[in-house]
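Structure first, then comments.
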Amino acid sequence: MTDRELKTLKDNLWHAADVLRSGAHLAANKYGQPILGLIFLRYADILFKQHKDEIEAEYTKRLGTRMEKTRKEIAVEKCGFFLPECAYYDYLNNAPDTAEKADLVKKAMEAIERENPKMDGVLPKEVYAQLVPEEEPELLSNIVRIFKDIPENCTVDIFGEIYEYFLGNFALAEGKDGGTFYTPATVVRYMVEVLDPQPGDKKFLDPACGSGGMFVQAARYMHAHNANEAEQMKFRCYGVEKEPDTVKLAKMNLLLNNVRGDITEANSFYSDPYNAFGAFDYVMANPPFNVDEVSFDRVSGDARFNTYGVPRNSTKSAKKASDKKETVPNANYLWIGYFATALNEHGKAALVMANSASDAGKSEYEIRKKIIEEGIISQMVTLPSNMFSSVTLPATLWFFDKHKLQTEKKDEILFIDARNTFTQVDRAHRKFSDEQIKNLGIITRLYQGDTEAYAALLVEYREALAAAPEAAEDKETKTKAYWQAQIDWLTERFPDGEYRDVIGLCKAAKLDGEDGIIDQDYSLNAGRYVGVVIEDDGMTEAQFKETMLGLNAEFESLNDEAKKLEAEIAENLKRLFMK
């Protein structure tokens, strides 16, 4: 399936959500459960069909021997689960278009959970009764029929992409609430690109895992980089999520993407289900920002949080609140400390954090100072604004690397200002394109001395340039001009194929020295270090003065016009309501 065909398929399938909105007796923030459940059901059906002949052959071969196994046992070995006949998608699709279909879907979900204990409690069941309203009992049938359009030869990767696409669209539709379970895929892909997770007997923690996108993108990264399948199978993910419905989304996401791991329903501040301290090779998360109701007593004795220090209110504030139980004023640095302490001696971490944490003062300043001086922060990246459905202002990515302590870069941090690197999706949302992810990622590779990765990326772009058309009628096709722009972006900034500081983009800042990190009062704000590009507009001083005076005159004219319109509106309203 080509990228364009997959995009068309995803857009057509999204129509199912529109069908739901128009007829279902369902709250706006509940559309995701039944839709994602049906995607999972269709995935299970197709995958089981693809293995069915193989399962039957193995069953017949073993029948009557000492090695005899049930069809269910063989199915679990071949495709990871057993699908009972009552859950076959054709059986459900062909059932009458009545309210009975909701009961059939519910029974199918229950049977899958019963036959596959690892899925117990994961699949939505009761919600389908709300998709057969009295005035439109065929609604559920219409939605089921839409997902029948997913081709029978779809791979696990295709299903994973469809699931992620729907998660992203639901997050956009729900706005701020959607951001609690979904981090935009292109942000996660960039984080993974920098983190560069390697397969093998490794452990990966996300203590605020939402719907599991960090795990999925890490697995896809390893698969794309030709990792040995046996080594990938050893890689295990461990997630913590406190919202029960989101736990189910995450478990389905992992199953759909063939990612091995566990998701535990818990609050990471008060529960440590995986004994995280010093235990993980990789940690990634987009935790909730600026949480202010965490009990100080319950975290102050925990090494995950107190190793670098627990944020506290000032003495004056504490006295005013002496009659209440003390809470942590802002939990941002609880998360930051948790990430740092969860790493083993070679561990690496990436987290999304509010911009304000980069310069936070008081007790948070002291915590930041300790972490900086220890030398485990490897990179800081300021993101563009409007990358998240829940946050309009730019966020910052923090990267930790315990191995850095053993290198000559121990007292140095790479700062990247990516605020001007983005692709506009619509008026309110932005993302990274594939090439923007690669271009930003290559800065890290060059900084690490990997000049071969830079050369390989240039070869990739030049080959794409040679194969591209001069122009294209649709926006999806990348032309020669597009690929030449990618080549120019790299060669203008890194002409020698080696890392260098680029004003307005990146800076490797030392701890000591003039304008170093200590000199900047331990700020981790990339803008303080990379500087700003001052564009030469080619105007003389007189021309600049004339231009500014002209703009000012235009501004005053627009102000006068606005005042007149305001007066007219007020007069019209007065006449309207005085009749």
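Okay, here's what the table says:
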quantity	calculated
Selection from region 332-362 of residues that are buried (at least 18 other Cβ atoms within 10 Å of the Cβ), among the polar types (S, T, N, Q) and over 22 Å from Val187 (Cα atoms)	Thr341
From the options Val259, Val283, residue that is in contact with a helix residue (DSSP H, G or I) (Cβ under 7 Å, 6 or more places away or on another chain), touching a residue at least 40 places away in the same chain (Cβ under 8 Å), within 30 Å of Glu373 (Cβ to Cβ) and outside any helix (DSSP H, G or I)	Val283
Set Glu113, Glu135, Glu100: member being over 32 Å from the mean Cα position of the chain (by Cα), surrounded by fewer than 22 Cβ atoms within 10 Å (Cβ to Cβ) and either closer than 30 Å to Gln217 by Cβ or at pLDDT below 85 (or both)	Glu135
Region 388-415 - residue that is open to solvent by 10 Å² or more (accessible area, probe 1.4 Å) and among the aliphatic types (A, V, I, L, M) and, of those, farthest from Phe305 (Cα to Cα)	Leu393
Number of the condition not met by Ala108 [criteria: (1) assigned to a helix (DSSP H, G or I); (2) surrounded by fewer than 19 Cβ atoms within 10 Å (Cβ to Cβ)]	(2)
Residue in region 419-428 that is closer than 21 Å to Leu383 by Cβ, in a loop (DSSP other than H, G, I, E, B), open to solvent by less than 50 Å² (accessible area, probe 1.4 Å) and touching a Pro at 6+ places or on another chain (Cβ under 8 Å) present	yes
Residues that are open to solvent by less than 80 Å² (accessible area, probe 1.4 Å) and touching a helix residue (DSSP H, G or I) at 6+ places or on another chain (Cβ under 6 Å), drawn from region 60-87	Lys69, Ile74, Ala75, Lys78, Cys79, Phe82, Leu83, Pro84, Cys86, Ala87
Residue satisfying all of: in region 161-210; of a type in the set (S, T, N, Q) and modelled with pLDDT of 85 or more; most open to solvent (accessible area, probe 1.4 Å) among these	Gln198
Subset of region 45-72 (residues that are in a helix (DSSP H, G or I) and farther than 22 Å from Met109 by Cβ)	Asp53, Glu54, Glu56, Ala57, Glu58, Tyr59, Thr60, Lys61, Arg62
Residues of region 113-148 satisfying the condition of being more than 28 Å from Phe215 (Cβ to Cβ) and either of a type in the set (S, T, N, Q) or not in a helix (DSSP H, G or I) (or both)	Gln130, Val132, Pro133, Glu134, Glu135, Glu136, Pro137, Glu138, Ser141, Asn142, Lys148
Selected residue (only one of Arg42, Arg114 is basic (Lys, Arg) and over 28 Å from Val19 (Cα atoms))	Arg114
Search result, residues across region 286-299 that are open to solvent by less than 40 Å² (accessible area, probe 1.4 Å), polar (S, T, N, Q) and either within 24 Å of Ser211 (Cα to Cα) or assigned to a loop (DSSP other than H, G, I, E, B) (or both)	Asn286
Region 475-505: number of residues that are charged (D, E, K, R), touching a residue at least 12 places away in the same chain (Cβ under 8 Å) and assigned to a loop (DSSP other than H, G, I, E, B)	4
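Residue-wise test of (1) farther than 23 Å from Ile416 by Cβ; (2) open to solvent by 70 Å² or more (accessible area, probe 1.4 Å); (3) among the β-branched types (Val, Ile, Thr).
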{"residue": "Ile442", "(1), (2), (3)": "no, no, yes"}
{"residue": "Leu446", "(1), (2), (3)": "no, no, no"}
{"residue": "Asp450", "(1), (2), (3)": "no, no, no"}
{"residue": "Arg462", "(1), (2), (3)": "yes, yes, no"}
{"residue": "Leu465", "(1), (2), (3)": "yes, no, no"}
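The values are calculated or read from the model by the stated rules, or taken from the named source; none is laboratory data. Fair warning: this is a prediction, and the values are worked out from it, not measured in the lab. Virtual Cβ from ideal backbone geometry, glycine too; neighbours counted across all protein chains shown. Surface accessibility is based on the protein's heavy atoms, side chains included, excluding ligands, DNA and RNA. Shrake-Rupley method; radii C 1.70, N 1.55, O 1.52, S 1.80 Å.
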